[in-house]
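Colleague: To start, I am sharing the structure in question, which I have written as structure tokens.
The values are calculated or read from the model by the stated rules, or taken from the named source; none is laboratory data. Owing to the predicted nature of the structure, the values given are computational and were not obtained by experimental measurement. Because the Cβ atoms are built from the backbone with ideal geometry, glycine has one as well, and the counts that use them run over all protein chains shown.
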Amino acid sequence: MSELSVTGLRVLREVAARGTFTGAAEALGYTQSAISRQVAALEEAAGTPLFERRARGVRLTDAGETLLQRAGTVLDELDAARQELAGIAEPATGRLRIGAFPTAVAALVPRTIAEFRRRQPGVRMTLREGGTPNQLKRLYSGSVDVAVIGFLPGGQVTRDRRISLEHLIDDPLLLAVGQDHPLARRRAVDLDDLSGESWIAASTDASDTMIGAWQWADWRPRVDLIAKEWTAKLGLVAAGLGVTLVPGLAADAVRPDVALVRIRSGPASRQVLVATRSGQERSASVALFSELLHDTATLLRAELRERVTARR
């Protein structure tokens, strides 16, 4: 007879949260067949089915619900023990593992890390850049302690109870134009004033890009030039070959021959959030880093306001 394993319990929790083996496989970085084997081993050890198989996913049986409750307690205790052991192994320094989506690494996160390091020079920090879905997976798996994540308008903020979310800043999407563009000296423009512009984006399908962030306009932007990297997009804008959208958080990284202009009634602000794992007390390092993120965000907001105003 099989025995319950820690990996099996983690799989049980993930399948229950996602409702499908496929979703659990993506979240944990496993193959779907590996998920199926883990569930089969758990059911053999339990001596009863743990999931009802349905056409569009699975649902816990009564036995599965009972095991899930116990599994949550066991896994939380193991995670707590792992953190305590890490503290014993590195008593003089400690560590802080940070995740962030790419735009946040332009200025928000680097400035925060610098201030944190000034205050806590003994703490060893690591940074893992990546998109929001990857950062959430890293939080689930415990490979990062705190993550900065972002959601464009219309995006779904996670409702997973294992993740605690704290609003950090609303990041406006700004119009980037070349210095010789007629709008370069404007502080703000109306959305409809841009209907005839040539746009630069990562795809010809505007709905697949940041440019598709607004879906209530009566027109859709015409994407004429394709560029995936910010360096290329801004180079094309500076040459007067089109316009694009830039997140406010990336304003520090925008070259000086590109002007940033606000769009009235245009792309809504992206939500930027601090994400940590629920169900456990925040470490002093995570609490301090989160506090410093708020301080840095406040400064960046003020700097962005000054920069856009100065472009009139």
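Colleague: Quick one: which strands (runs of 3 or more DSSP E) lie wholly within region 143-201 and hold at least 3 residues that are at pLDDT below 90, among the aliphatic types (A, V, I, L, M) and on the phi > 0 side of the Ramachandran plot?
Modeller: Once the strands (runs of 3 or more DSSP E) in region 143-201 are filtered for at least 3 residues that are at pLDDT below 90, among the aliphatic types (A, V, I, L, M) and on the phi > 0 side of the Ramachandran plot, nothing remains.
Colleague: Which number in (1) more than 18 Å from residue 172 (Cα to Cα); (2) in contact with a strand residue (DSSP E or B) (Cβ under 8 Å, 6 or more places away or on another chain); (3) in the same structural domain as residue 147 (by TED's automatic domain parsing) marks the one condition that residue 292 misses?
Modeller: Against the list (1) more than 18 Å from residue 172 (Cα to Cα); (2) in contact with a strand residue (DSSP E or B) (Cβ under 8 Å, 6 or more places away or on another chain); (3) in the same structural domain as residue 147 (by TED's automatic domain parsing), residue 292 comes up short only on (2).
Colleague: Still on this structure, I have one more. How about region 270-286: which of its residues are at pLDDT below 90, of a type outside the set (S, T, N, Q) and farther than 29 Å from residue 174 by Cβ?
Modeller: 277, 279, 281, 282, 284
Colleague: Could you tell me which residue of region 68-114 is surrounded by the most Cβ atoms within 10 Å (Cβ to Cβ), considering only residues that are out of contact with any strand residue (DSSP E or B) (no Cβ under 8 Å at 6 or more places or on another chain), basic (Lys, Arg) and modelled with pLDDT of 70 or more?
Modeller: If we take residues in region 68-114 being out of contact with any strand residue (DSSP E or B) (no Cβ under 8 Å at 6 or more places or on another chain), basic (Lys, Arg) and modelled with pLDDT of 70 or more, then 111 is surrounded by the most Cβ atoms within 10 Å (Cβ to Cβ).
Colleague: Conditions: (1) within 28 Å of the chain's Cα centre (by Cα); (2) surrounded by 14 or more Cβ atoms within 10 Å (Cβ to Cβ); (3) not acidic (Asp, Glu). Residue 29 meets all but one. Number of the miss?
Modeller: For residue 29, the exception is condition (2).
Colleague: Continuing with this model, one more query. Within the bounds of region 226-244, is there any residue that is closer than 15 Å to residue 263 by Cα and at pLDDT 80 or above?
Modeller: yes
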